[in-house]
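Structure first, then comments.
Values in this text are rule-based calculations from the coordinates and carry no lab data. Treat the numbers as computed from the prediction; the structure is a model and nothing was measured. Positions of Cβ are backbone-derived with ideal geometry, glycine not excepted, and every protein chain shown enters the neighbour counts.
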Amino acid sequence: MNWLLLDFDGTVVDTSGDIAAATNHVRARMGLPPLPVKEVLRHVGEGAERLLEEVLPLEPGPELEEMVALWRAYYVAHPADHSILYPGMERVLQAVPPSRMALVSNKPEDVVLQVARALSLEDKFSVLLGWVRGRPRKPDPAILREALDAMGGETREAVMVGDGAPDMQAARALGCPGLGAAWGFHGRETLEKAGATRILERPEEILELWEETTTERGGR
């Protein structure tokens with residue numbers, strides 16, 4: 001393992017509170033009651049448009065696009081009111097060189113960058129990618145390939161770590177191992193069904209694998 005590709009929400013950072021807050025802000029604008037955090041998280045992983053399409057009584061179209069813009073504006077204004085690193089993730093981010101690590105998310109890229117700035121994570125990764133128009137979302141492997149290319153990495157030496165089915169499917173499509181983050185939003189069963197190469201129970205296991213393969217490659 002020479003190159004580490006990490007999902008963001010539910011893998012590096014517990015963003016559940018802020019995702020729910022932005023979602024319920026939009027629901028309130030439409031006169032709808034708030035949803036519990038757990039219910040919001042059931043719809044997370046395939047981008048803001050899909051999330052809102054599933055929690056609002058709207059079909060794809062101009063009104064849904066307006067609500068997505070409202071969601072993004074609220075989130076950018078409140079990027080990390082409730083978000084924190086998962087326990088143990090700080091050790092990973094301190095030990096793995098930023099030049100070997102990329103963040104690849106289906107969250108809109110402007111929101112990813114705002115949250116990363118708010119949590120002082122910008123310098124922990126050499127590449128931070130989110131969704132922008134024209135870039136396919138996971139499970140399409142394009143964003144993983146783009147991150148690897150930007151780092152000068154090779155697929156055969158990379159691993160993808162994420163908490164959702166799109167992460168595991170993107171890893172498989174790229175041709176690298178997909179390590180499931182069971183501490184995240186979606187849990188072990190979802191990851192197993194998605195074909196995870198291995199399930200990790202805690203972030204420190206990423207570091208253990210990194211150190212193990214570092215020894216094997218002679219500290220390279």
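The coefficient of translational diffusion for the stretch 1-52, derived via Stokes-Einstein from the alpha carbon Kirkwood radius under 20 °C and 1.002 mPa s, stands at 176 µm²/s. Diffusion of the stretch 16-77 by Stokes-Einstein, at 25 °C in a medium of 0.890 mPa s and with Rh set to the Kirkwood radius over alpha-carbon pairs, works out to 217 µm²/s.
Whole-Hz Karplus values for the stretch 176-185 come out as 10, x, x, 9, x, 8, 5, 7, x, 6 Hz, taken residue by residue from phi with 6.51 cos²θ - 1.76 cosθ + 1.60 and θ = phi - 60°; glycine and proline positions read x. I'd like the orientation of helix 142-151 relative to the chain: the angle between its Cα long axis and the longest Cα principal axis, in ° from 0 to 90, rounded to 10. Taking Cα atoms only, the helix is inclined about 50 degrees. In units of the compact-protein estimate 2.2 N^0.38 Å, the chain shows a Cα radius of gyration of 0.99.
Tell me, what is a quarter of the convex hull surface for the C-alpha atoms of the stretch 130-220, in nm² with one decimal? Write out the running numbers ahead of the final one.
Values: hull surface 24.5 nm².
Averaged projected hull area, Cα only: 6.1 nm².
Of the residues Gly45, Pro139, Gly184, the one whose Cα sits farthest toward the positive end of the charge dipole of the chain, with +1 on the Cβ of Lys and Arg and -1 on the Cβ of Asp and Glu, is Pro139. Relative to the longest principal Cα axis of the chain, at what angle does helix 62-77 sit, 0 to 90 degrees, rounded to 10? Approximately 60 degrees, to the nearest ten. Length, then width, then depth: along the principal axes, the Cα atoms of the stretch 54-149 run 45, 31, 18 Å.
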